């Protein structure tokens, strides 16, 4: 399966198949890179580095920079250490960085590539379900203690290579994290996909390879369609943030890495659905949706130590916020997202209802 992402700045392919790494040598040879820097995390490096090594052409010099796993990779100190390593290894403007890991490694490595010598090439080789969302579209970033993904750049990859066999080694919480983003894509753009997911996926352990590739394909197609229209999130692209306004607050309040991105976003999605019903009269069986995701082992709880005042301040720091008035991605109906300001009292009432 190949998808072409077309943006204002460049176009690039996405390859999705069980042996996706077969495409890596072709991409590398086509672009004539002088040197490679592979940025990976401790877990992925231990499990899969030898598989990646065999896919790199023998005649190309490469080095490996290993960073902490998960959101701990997206720290300023780690970002700086990657840049230092790139300089020590002698990368030039014709070199390429390979982001080998989940969404956090992709965000970090992409930002390193965007910053090094004002921008060099990079390739996304995602190893998680979550990365089917984050690897496409060119958003790169690291975290700040006051907000997630607040320091970054738009920098499109040369290719996204999805070797789906890697996904078979994921722990349960990482499967839940990635599947939440697939559900998000269905809610904002594909009601038929949502119906299929709710009807057929009753256990995340029993997803077939065929179902998984279909979900990944549709999610990446939806992301590619949105990004092609709005590369730098000046309008339409914001719809991809359904559930993220509260989700990011939950992540930062607990401490990055204490919950997965997707599990926090799923709480934010449910919150956004309730807000949508209150503000837009959304006609959707929210209770049935909640029961379904709970069967899939999601915990739809706002952290007990997170007050509304603290949460609202976090929402005010969200990138969609204008003049400290939080804007949310809401649904008029599945497949019909809108971006709009929401009154503080409405948010407060629903927040406290979900905490009970």
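Normalised by the number of residues in the chain, what is the relative contact order in percent for Cα pairs under 8 Å and 6+ residues apart? List each step's numbers first, then the result.
Details: 650 pairs, mean separation 55.9, N = 356.
Answer for the chain is 16 percent.
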Efficiency by 1/(1 + (r/R0)^6): what FRET value for residue 313 and residue 339, r their Cβ-Cβ distance, R0 = 22 Å, to the nearest 0.05? 0.60
Residue-averaged 222 nm ellipticity for the chain, from DSSP H runs of 4+ at -39500 (n - 2.57), nearest 500: -14500 deg cm²/dmol
How would you order 17-30, 148-161 from highest to lowest mean count of nearby Cβ atoms within 10 Å? 148-161, 17-30
Could you please rank 173, 185, placing first whichever residue has the fewest other Cβ atoms within 10 Å of its Cβ? 173, 185
How far apart, in nm, are two points set 7 Å out from the Cα along the Cα-to-Cβ line at residue 325 and at residue 287? 3.5
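Using only the alpha carbons of region 2-169, what is the convex hull's orientation-averaged projected area in square nanometres? List each step's numbers first, then the result.
Working: hull surface 35.1 nm².
Averaged projected hull area, Cα only: 8.8 nm².
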Which residues among region 13-50 fall inside the zone where the amide N is under 19 Å from a point 7 Å beyond the Cα of residue 59, along Cα→Cβ? 23-37
With axes computed from alpha carbons, what is the tilt in degrees of helix 261-280 against the longest principal axis of the chain, rounded to the nearest 10 within 0 to 90? 40
In range of the label at residue 151: residues from region 65-89 whose backbone nitrogen is under 20 Å from the point 7 Å along Cα→Cβ: 66-88
Measure out, as a whole number of angstrom, how far apart the alpha-carbon centroids of region 197-211 and region 1-54 sit. 27
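Please compute the length gained on full extension between residue 89 and residue 25, using 0.36 nm multiplied by the number of residues separating them and subtracting their Cα-Cα distance. Show your work: numbers first, answer last.
Working: separation 64, 0.36 × 64 = 23.04 nm, distance 2.13 nm.
Gain in length upon complete extension: 20.9 nm.
Assuming a viscosity of 1.002 mPa s and a temperature of 20 °C, what translational diffusion coefficient in µm² per second does Stokes-Einstein assign to region 203-273, Rh being the Kirkwood radius over Cα pairs? All intermediate terms of the calculation are to be shown ahead of the outcome.
Numbers: Rh = 13.9 Å.
For these conditions, the coefficient is 155 µm²/s.
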No solvent, one uniform scatterer per C-alpha: report log10 I(q)/I(0) for region 172-355 via the Debye equation at q = 0.14, 0.19 1/Å, two decimals. -0.74, -1.43
What is the packing order of peptides 55-62, 36-43, 80-87, 162-169, taking the mean over residues of other C-beta atoms within 10 Å and listing the highest first? 36-43, 162-169, 80-87, 55-62
Between residue 172 and residue 301, what is the label-to-label distance in nm when each label sits 7 Å out along the Cα-to-Cβ direction? 1.5
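Can you give the Kirkwood hydrodynamic radius for the chain, in Å, rounded to one decimal and based on Cα pairs? Write down the numbers at each step before the final one.
Values: mean 1/r = 0.0488 Å⁻¹.
One over the average 1/r among Cα pairs gives 20.5 Å for the chain.
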Output the 0 to 90 degree angle, nearest 10, between the alpha-carbon long axis of helix 209-229 and the longest principal axis computed from the alpha carbons of the chain. 90
Between 0 and 90°, nearest 10: helix 344-355 axis offset from the chain longest Cα axis: 90
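So how many Å³ per residue does the convex hull of the Cα atoms of region 140-250 work out to? List each step's numbers first, then the result.
Numbers: hull volume 14.8 nm³, N = 111.
Considering the Cα atoms of region 140-250, their hull volume per residue is 133 Å³.
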Enter the Cα centre distance for the pair region 164-182 and region 316-342, rounded to the nearest angstrom. 27
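Every read-out reported here was derived from the displayed coordinates using simple, explicitly stated rules and does not represent laboratory data. Predicted, not measured: the structure shown is a model, and the values here were computed from it. Glycine also receives a Cβ, built like all others from the backbone with ideal geometry; neighbour counts cover every protein chain displayed.
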